Amino acid sequence: MRTSARVLAALLLLGAGLLYAGVTLPAHRVAADTEAAVGRARAERPGLHARLAAQQRQAAAEDKATAAVAAATSGPGDPVVRLRRSVVASLEGAPVSGARLAVTAGRPPVGARVQVSADGRYAEILRLVGHLVRPGTGLVLENVRLRPGSAGLSLDLIAFSLTERP
Amino acid sequence: MSQGRDFSGHPRRAGLSFWDAGLLAAAVAVFALSGYAAGRAQSAVEIARSRLEEARRDSEGARDRLRALESRSGREEGLASRVLLTTEAPPPRVVADLAALVPPDVRLDGVGLAYGRGVELELQVVARRAQAYDLFLKRLTESPRISAVSPGTENRDGEVRASVRATYRPPGSLRE
């Protein structure tokens, strides 16, 4: 009885040792490694969420601006005619010379594309560009070139209107 | 196991001694403790794995949403970005910001603005002295409104004539 009790006790202690070495210690190591991986994953989270938030704000701002532009330029009638009318209205009364204008049809969501050239004094040309793209005209810039001209500054501008939201 | 005889003459089973009973009880306790510790360690692993899974799911979800937003702007070929930049960075504002960076001995002979996912600038620069041109480049690179400054060909024989490419970032721009 005494011998078997001691053998049993020894077996129990051996089992406890094996359990510790074979299960508890490796599990502690795995838990520590996993926690480190959790830490790494969480460390990259703020940067990722900041990038995502910036992209979402940008997309929301673009959506808002695009909706406003599409609302300003969409409507009944030929988009080429509407765009031409809008640009002509901006050119009228502007103290610039050599104004040239070419409007062509665009492929949706682009309604029409316009090329504008003009010469004038530095301040007048910049005022004209600002007037062409002022809120409400629905004009979207593609390319603008400013270089010395006969009257001071020469402008070449390519822009387009939208018929629908892209 | 020791055996004795009682008055009936039958063999008598001897009980565990105090020490053996204590040893057995301690061994049982150690085994139980070890089992408990193993269980705790396993459950700690499970908890850590589920936290890792959650963190990875969260990151993956954010990455998916980011990819979706980036591919959206790719599909639109930058149309929405042009719309926003026309509002946020009209040529008079860009020119005014550039003019603030031009030193006295430097003039801009031409300015090209291409609206896309950013406003790409192409500047034709004339400087009376090479040092003035270098100062202009320094101001461009240090400006928070300008990035990706790329000086092109330059003629430094007396008056400097050079072209510079850069990207304009409007105030309050959200995208890097």
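Coordinate-derived values only; no laboratory data. Since this is a predicted model, take the numbers as computed values, not measurements. Here the Cβ is made from the backbone with ideal geometry for all residues, glycine too, and neighbour counts use every protein chain on show.
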**From phi via Karplus (6.51, -1.76, 1.60), per-residue ³J(HN,Hα) for the range B:26-35 in Hz, x at Gly/Pro** = 5, 5, 4, 5, 5, 4, 4, 4, 5, x
**Complete:** Taking only C-alpha positions in the range A:18-65, Rg and Dmax in angstrom work out to 20.5, 68
**Complete:** Under a Gaussian network model of chain A whose springs join Cα atoms within less than 10 Å, the largest fluctuation of A:Gly22, A:Gly98, A:Gly106 belongs to A:Gly22
**Request:** State the Cα centre-to-centre distance between the range A:31-74 and the range A:107-155 in whole Å.
**Result:** 34
**Message:** From the phi angles alone, apply the Karplus equation (6.51, -1.76, 1.60; θ = phi - 60°) to the range B:44-53 and give each ³J(HN,Hα) in whole Hz, x where the residue is Gly or Pro.
**Reply:** 5, 5, 4, 4, 4, 5, 5, 5, 5, 4
**Complete:** Scalar couplings 3J(HN,Hα) for the range A:96-107 by Karplus 6.51 cos²θ - 1.76 cosθ + 1.60 (θ = phi - 60°), nearest whole Hz, x for Gly and Pro, are 10, 10, x, 5, 10, 9, 9, 10, 10, 6, x, 9
**Complete:** Residues whose built amide H sits under 5 Å from the amide H of B:Ser163, excluding neighbours closer than 5 in sequence, are B:Val125, B:Gly152, B:Thr153
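Report D for the range A:100-166 in µm² per second (integer): Stokes-Einstein, Kirkwood Rh on Cα pairs, 37 °C, 0.692 mPa s. Let's see the in-between values first.
Numbers: Rh = 12.4 Å.
D = 264 µm²/s.
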**Request:** Only loop residues by DSSP count here, and only those with at most 13 other Cβ atoms within 10 Å; note down the GluC sites (Glu not before Pro) in the range A:45-144 that meet that.
**Result:** A:Glu92
**Request:** Name the residues whose placed amide hydrogens come within less than 5 Å of the amide hydrogen of B:Ile146, ignoring near sequence neighbours (fewer than 5 apart) on the same chain.
**Result:** B:Arg169
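In percent, what relative contact order does chain B have, based on Cα pairs under 8 Å that are 6 or more apart in sequence?
Values: 187 pairs, mean separation 25.2, N = 176.
Answer for chain B is 14 percent.
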**Charged-residue dipole, Cβ positions (Lys, Arg, Asp, Glu), the range B:80-168 about Cα centre, Debye nearest 20** = 120
**Asked** Using a simple charge model, +1 on the beta-carbon of Lys and Arg, -1 on the beta-carbon of Asp and Glu, nothing else, what dipole does chain A show about its Cα centre, in debye to the nearest 20?
**Response** 440
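For the range B:80-168, take the alpha-carbon Rg, divide it by the Kirkwood Rh, and send me Rg/Rh. Before the final figure, lay out the partial values.
On the way: Rg = 13.0 Å, Rh = 13.2 Å.
Reported Rg/Rh (Cα atoms, Kirkwood Rh): 0.99.
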**Message:** For q values of 0.07, 0.09, 0.11 Å⁻¹, compute log₁₀ I(q)/I(0) with the Debye formula on a Cα-only model of the protein assembly as shown, without solvent.
**Reply:** -0.52, -0.67, -0.85
**Request:** Would you please state the base-10 log of I(q)/I(0) at q = 0.12, 0.15, 0.20 1/Å for chain B, with intensities from the Debye formula using one equal scatterer on every alpha carbon?
**Result:** -0.76, -0.94, -1.23
